[in-house]
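Worksheet: the structure to be examined is printed underneath.
The values are calculated or read from the model by the stated rules, or taken from the named source; none is laboratory data. Note that the structure is predicted; figures quoted are calculated from it, not measured. FYI the Cβ positions are ideal-geometry reconstructions off the backbone, even for glycines, and counts take in every protein chain you see. Areas reflect the complete protein model, heavy atoms only, side chains present, ligands, DNA and RNA absent. Shrake-Rupley method; radii C 1.70, N 1.55, O 1.52, S 1.80 Å.
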Amino acid sequence: MTSVGIDAIEIWTGNLKLDLPNTFAPEKGEDPEKYTKGLGLNASSFPDSYEDIVTMGANAAYRLMERKGLGPEDIGRIDVATESSFDKSKPISTYIAGCLEQVFDGDFHHANKGERKFACIAGTQCLDDAYNWIKADRSRGRAALVIATDTALYARDDPGEATQGAGAVAMLIDEDPNVVELSNEQGYGSADETDFLKPQQQFPSVDGKRSMQVYLARMREALEDYESVAGASHPDDFAYVPFHTPFPGMVRKAGLLAYRHMIRNTPIEEELAEEIGRQPRREEYDDETAYEDAVREHMDALKETDAYRTWYAETIEPTLTISREVGNWYTGSVHVARVSALKHALENDLDLAGSTLGVGSYGSGAEAEVHAEVVADGWREEIESITIDDQLDARRSITFEEYESIHDAHNHDKDVDTTELTTPSAEFVFDGWGRMGERKYRFVE
Ligand code: HMG
């Protein structure tokens, strides 16, 4: 069979913007540099009162189908990844299909629809499902629509409030894809963890510091599993490494860990040994604490080396550009990182076709997945069509008071009347409640 992968991508950001260093930090009595330098974030995207996971997902999918000239008959599967669902039975994919049927001729009655939940990794799992479905020859020549959509909101005054965001990524999975070809080179690291969860509640219970440790531990496990399939990895294997990005500071830590792992027992480690010594090996230490201290010290030295800084600047930094302006989009976040990297290649006129991306996805609870994908010949044209820069510029900046009222408007436990801060145009909007408590939507010209 021909190759299978991502044929097209569209991104939809929430229409509001919260400036973190200038609007949020002063109200919290914090140094703005905690955001810009520490977490690596300039702003968060927020949904206006008429936006939610359905409108954002439908808006991304609508633009994708329009641009590709597709109708409902071309889509055999709609999978939505979200951890912000407001319904425990009816999947968000049916709501989105209902929206799309308002604007396209025909219907999605013969498309299989579902919803995937596993914190932030569910978007990547949906890609896998779509890939497997096409590879199993069950698609009848149709493509799959994967939509990752979330409103990543935390309770007010939770430390996670700094990393909020809202947006959706729609991806078309098909044969002979234009953006990237997926492969069998894939590894998992998963364990029963209690780092971030929402037991019957809208906003997460988070053990923030622990969640960062779990992210790194599972990512390393996934990388080792990946290598059991693909062979030992090397920093030069990948043009870019897009990671799940809850905030860029997290990826700074993941990048360093991955680099240390990949250069072990390579000539790069030998060259660096003259400057910073060899990496500590566990068997050289009797005591675990002494070993961990030595590793920490080595990592601090490694991150200052020219070799690492150059690799990071070329391979990781370009994946973070959009994230810095939008915050965490949970399921969409790693897919935003991929777009960010490909945009960087486009803007710098790099010849990327045939290059490999190493993608590190993560979901709390917890699971990491590392896979390789190969950039396809048509990537340039696809990425040129993405309008995220214009969308980001068009967001309306909100004051701290507006932020408070928008947060309340999206809080399921609060019943507040909030006016719209922006005027929707050519997009789906929330249109009130139906008789069975369902949410209703309409398209605004
Ligand atoms: P915090 O305690 O508010 O922040 O929580 P902090 O004091 O740790 O500061 C953050 C960083 O800024 C630190 O950098 C500080 O040093 C630095 P680090 O030492 O770690 O490299 N900093 C400064 N830098 C320069 N100038 C300054 C300054 N001040 C501080 N003046 C925390 C941070 C991430 C814990 C919090 O935001 C949180 O709980 N976030 C939510 C959980 C999260 O995002 N975890 C990430 C891993 S889990 C994950 O990715 C899954 C997730 O997406 C959910 C899912 O899967 O569904 C969350």
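List the pairs whose first member sits in segment 118-135 and is over 12 Å from residue 6 (Cβ atoms) and open to solvent by less than 30 Å² (accessible area, probe 1.4 Å), whose second member is within 16 Å of the ligand (Cβ to nearest atom) and of a type in the set (Lys, Arg), and whose Cβ atoms are under 7 Å apart, counting only residues at least 6 apart or on separate chains?
122/116; 125/116
Between a first residue in segment 24-45 that is in contact (Cβ under 8 Å) with a residue 40 or more places away in the chain and open to solvent by 80 Å² or more (accessible area, probe 1.4 Å) and a second residue that is more than 8 Å from the ligand (Cβ to nearest atom) and in a helix (DSSP H, G or I), which pairs have beta carbons less than 6 Å apart while being 6 or more apart in sequence or on different chains?
Every condition considered, the pairs that remain are 27/400.
Take the residues of segment 426-445 that are assigned to a strand (DSSP E or B) and of a type in the set (A, V, I, L, M, F, W, C): which is most open to solvent (accessible area, probe 1.4 Å)?
By that ranking, first place goes to 433.
In segment 164-191, what residues are over 16 Å from residue 376 (Cα atoms), surrounded by fewer than 24 Cβ atoms within 10 Å (Cβ to Cβ) and either within 16 Å of the ligand (Cβ to nearest atom) or hydroxyl-bearing (Ser, Thr, Tyr) (or both)?
Matches in segment 164-191: 188, 189, 190, 191.
What residue, of 172, 223, is under 30 Å from residue 4 (Cα atoms), among the hydrophobic types (A, V, I, L, M, F, W, C) and assigned to a strand (DSSP E or B)? Step through it out loud before you land on a result.
Details: 223 fails: assigned to a strand (DSSP E or B).
After applying the criteria, what remains is 172.
Could you go through segment 56-66 and let me know if any residue there is surrounded by fewer than 22 Cβ atoms within 10 Å (Cβ to Cβ), touching a Pro at 6+ places or on another chain (Cβ under 9 Å), closer than 19 Å to residue 431 by Cα and in contact (Cβ under 8 Å) with a residue 24 or more places away in the chain.
no
Looking at segment 107-151, which of its residues are touching a Cys at 6+ places or on another chain (Cβ under 9 Å), within 12 Å of the ligand (Cβ to nearest atom) and not acidic (Asp, Glu)?
Result: 148, single match.
Check whether at least one residue in segment 304-324 is away from the ligand (no atom under 16 Å from the Cβ), hydrophobic (A, V, I, L, M, F, W, C) and touching a strand residue (DSSP E or B) at 6+ places or on another chain (Cβ under 7 Å), and report yes or no.
no
I'd like to check something: does segment 94-109 contain any residue that is at negative phi, of a type in the set (Val, Ile, Thr) and surrounded by fewer than 23 Cβ atoms within 10 Å (Cβ to Cβ)? Let's see the steps before the verdict.
The initial filter retains those residues of segment 94-109 that are at negative phi, namely 94-105, 107-109.
Going one step further and asking which of them are of a type in the set (Val, Ile, Thr), we end up with 94, 96, 103.
When the remaining residues are screened for being surrounded by fewer than 23 Cβ atoms within 10 Å (Cβ to Cβ), the result is 94, 103.
Yes, some residue in segment 94-109 is at negative phi, of a type in the set (Val, Ile, Thr) and surrounded by fewer than 23 Cβ atoms within 10 Å (Cβ to Cβ).
So which of 83, 101, 66, 73 is within 16 Å of the ligand (Cβ to nearest atom) and among the charged types (D, E, K, R)?
83
Would you pick out the residues in segment 227-283 that are assigned to a helix (DSSP H, G or I), of a type in the set (A, V, I, L, M, F, W, C) and under 29 Å from residue 119 (Cβ atoms)?
The answer is 229, 230, 250, 251, 254, 256, 257, 258, 262.
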